[in-house]
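Below you'll find the structure, written out as structure tokens, and then a few comments.
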Amino acid sequence: MKLDEAQTKQVAAWIAEGLKLADIQKRLGSELGLQLTYMDVRFLVDDLKLTPKDPEPPKPAAPSPVAEVAKPAGPVEAAALPPTTMPVGSVSVVVDQIARPGALVSGKVVFSDGNKADWQLDQAGRLGLVTQQPGYRPAAGDVQQFQAALEAELSKLGL
């Protein structure tokens with residue numbers, strides 16, 4: 001199929017817009033009155049030496065403090081891991097050998113300021129944190145470190 005110069009420019013503009021070949025096929029029919037098969041459109045674009053743009057990958061959303069951790073696949077026995085030696089000022093996470101009743105896995109965490117808490121992940125994937133000091137809320141940086149350390153410990157267990 002031969003297109004005139006105006007039609008060629010229109011197809012090039014559609015490619016530049018990022019339209020897919022199927023969309024170009026539809027527009028050729030509706031706007032230019034040309035009924036082409038998908039394969040004909042592929043050959044046409046190739047003959048015009050145009051390259052369709054790849055769609056941009058979706059950008060990951062900012063994770064919530066608990067959402068990243070709460071994705072269990074099913075009931076799994078918790079294994080004991082030795083406490084990791086963490087530098088002073090960082091967060092330390094330990095997984096209990098036997099999970100608390102009602103929890104998929106549980107353990108303890110020591111935050112960078114020395115405050116301690118018990119944590120548990122229940123069957124529904126909800127993360128619970130019980131601090132030893134009433135009303136204590138860990139710093140945002142500690143929460144991020146806790147998430148990363150917990151994710152690393154759980155991945156060692158295959159969770």
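Here, each number is a calculation from the coordinates, and none is a lab measurement. Every value quoted in this text rests on a predicted model; they were computed, and no experiment measured them. A quick note on method: Cβ atoms are made from the backbone with ideal geometry, for glycine too, and the neighbour counts reach across all protein chains shown.
The length gained on full extension between residue 9 and residue 27, counted as 0.36 nm times the residue separation minus their Cα-Cα distance, comes to 5.1 nm.
Taken over segment 1-58, the alpha-carbon convex hull comes to 81 cubic angstrom per residue. What spacing in nm lies between the two simple spin-label points modelled at residue 140 and residue 43, each 7 Å away from Cα in the Cβ direction? The modelled label-to-label distance comes out at 5.9 nm. Here segment 100-159 yields Rg over Rh of 0.96, to two decimals, using C-alpha coordinates and the Kirkwood radius. For the residue pairs 116/156; 9/53; 26/59; 20/53, the C-alpha atoms sit more than 18 angstrom apart in 116/156; 26/59. At an R0 of 30 angstrom, the distance between the Cβ atoms of residue 130 and residue 59 translates into a FRET efficiency of 0.30.
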